[in-house]
Amino acid sequence: MTRILVTGGTGYIGSHTCVELIQAGYEVVVMDNLYNSSEAVLDRIETIAGTRPKFYKTDLLDREGLETIFRENDIDAVIHFAGYKAVGESVAKPLLYYENNIAGSINLYETMAAHGVKTLVFSSSATVYGAPKSVPIREDFEVHTTNPYGSTKLMNEMILEDICTADPEWSVMLLRYFNPIGAHPSGLIGEVPNGIPNNLVPYIARVANGTLEYLRVWGNDYPTVDGTGVRDYIHVVDLAKGHISAVAYALEHKGAEKVNLGTGNGYSVLQVLHAYEKACGHELPYQIMERRPGDIATCYADTEKAASLLGWKAQYNIDDMCRDSWNFTVRNPDGIK
Ligand code: WQD
């Protein structure tokens with residue numbers, strides 16, 4: 001049985017990917033420092049998929065802990081989600097982000113190499129494109145980051161490409177996620193943000209369940225269908241399935257590939273809000289505010305490469321995403337403890 005180490009496996013995208021990996025017949029080992037998630041997620045994964053992954057509470061900065069995982073398990077490939085991911089926090093605390101997301105990742109890559117594990121799927125982000133010159137965005141578009149979080153994603157991509165150049169035995173998939181939202185249809189796993197959410201859909205979910213008063217819409221003077229920001233929202237289960245296609249490809253090929261994981265469709269803030277009203281069954285109050293610094297008007301993926309290289313295409317639509325987000329929110333008012 002092919003054994004996959006999932007770093008950050010109790011997190012939002014990591015946990016959904018563990019479910020899909022188990023259901024696809026892989027053996028899963030999870031490493032997480034539980035900074036942003038709870039070990040109870042492993043029980044939820046077991047309830048959905050029938051197997052509880054072997055778990056190591058380990059930090060990327062703990063070389064000995066990483067060494068133990070690779071010594072005790074014959075790992076065939078790694079899917080690397082672990083990392084800090086709040087854009088605003090990264091601006092305030094750049095060294096925390098560079099230490100964890102860069103130095104920590106280098107620890108992982110060095111430990112992999114020392115154990116002859118040279119197959120990796122990396123959790124990158126469409127944020128590496130910055131403000132694109134046009135849409136849809138293709139993988140060969142220029143990259144330009146505007147915050148330390150995005151820079152750590154781009155730097156990891158560069159490090160991994162250089163590793164592949166130096167050692168052609170490596171196989172690396174650099175997956176650029178657009179805007180992951182939603183939750184597993186079971187309602188057992190989903191996004192559990194720390195504190196007041198920065199991202200749109202987790203915030204709307206809190207307005208919908210009454211814990212936040214109204215949605216602040218960051219600007220309605222963009223050159224878009226209704227003036228509000230347009231993004232490529234992708235169901236987290238579609239995203240997880242994209243990782244199954246990517247790891248299967250990586251196990252059969254060498255070298256580095258950048259792949260967008262998006263739907264190719266853009267939805268505005270107000271279009272998402274109205275889709276969520278349909279899901280939750282009641283009106284959601286909002287107020288138009290000034291633009292949020294650093295935001296771009298429109299961002300959505302060209303999905304051709306994921307289709308031709310991986311044979312993967314997103315299946316869920318925006319109504320599915322909002323329905324599953326609301327179902328998780330209702331079933332887990334206090335997150336996953
Ligand atoms: C989406 C739209 C906002 C909140 C971010 C990160 C990116 C990636 C995905 C990790 C924009 C508007 C939002 C709110 C609003 N994360 N909005 N009111 O900024 O596209 O991407 O998350 O990889 O790195 O930058 O996502 O959900 O924050 O915003 O009006 O309370 O919703 O202006 O148009 P974003 P988002």
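All of the numbers you see were taken from the coordinates with simple rules; none came from a lab. Fair warning: this is a prediction, and the values are worked out from it, not measured in the lab. Here the Cβ is made from the backbone with ideal geometry for all residues, glycine too, and neighbour counts use every protein chain on show.
Key figures
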item	result
Theoretical FRET efficiency, 1/(1+(r/R0)^6), r = Cβ-Cβ of A113 and N209, R0 45 Å, to 0.05	0.45
Contact order normalised by residue count of segment 1-141, Cα under 8 Å, 6+ apart, percent	24 percent
Gaussian network model of the chain, Cα within-10 Å springs - most flexible of K153, K93, K254	K93
Kirkwood hydrodynamic radius of segment 26-160, Cα pairs, Å	16.3 Å
Residues with amide H under 5 Å from that of R216, placed H, sequence gap 5 or more	Q287
Calculated SAXS-style log₁₀ I(q)/I(0) at q = 0.15 Å⁻¹ - the chain, Debye, Cα scatterers	-1.33
Amide H contacts of A256 (H built 1.01 Å from N, under 5 Å, at least 5 apart or other chain)	V172
3J(HN,Hα) from dihedral phi, segment 174-179, Karplus parametrisation 6.51/-1.76/1.60, rounded to Hz, x for glycine, proline	9, 8, 9, 7, 8, 10
Loop sites in segment 69-166: GluC sites (Glu not before Pro), DSSP, at most 11 other Cβ within 10 Å	E142
Spacing of the two label points (7 Å from each Cα toward its C-beta) at V330 and E290, in nm	3.9 nm
Gain upon complete extension [E64, E283; 0.36 nm per residue less C-alpha separation]	73.6 nm
Inter-label distance, nm, simple model (7 Å from Cα along the C-beta direction), A24/D140	2.7 nm
Under 26 Å from K118, Cα to Cα: lysines that are on another chain or at least 8 residues apart	K54, K57, K85, K153, K241, K254, K258, K305
Length released on extending from I106 to S186, taking residue separation times 0.36 nm less the Cα-Cα span	25.2 nm
Relative contact order [Cα under 8 Å, 6+ residues apart], the chain, whole percent	19 percent
Cα gyration tensor category, rounded, prolate or oblate, for segment 202-337 with a/c compared to 1.5	oblate
Label-point separation, R52 to S38 (7 Å along Cα→Cβ), nm	1.6 nm
Within the chain, longest stretch clear of exposed chymotrypsin sites (Phe, Trp or Tyr not before Pro) (DSSP loop, no more than 16 other Cβ within 10 Å)	36-213
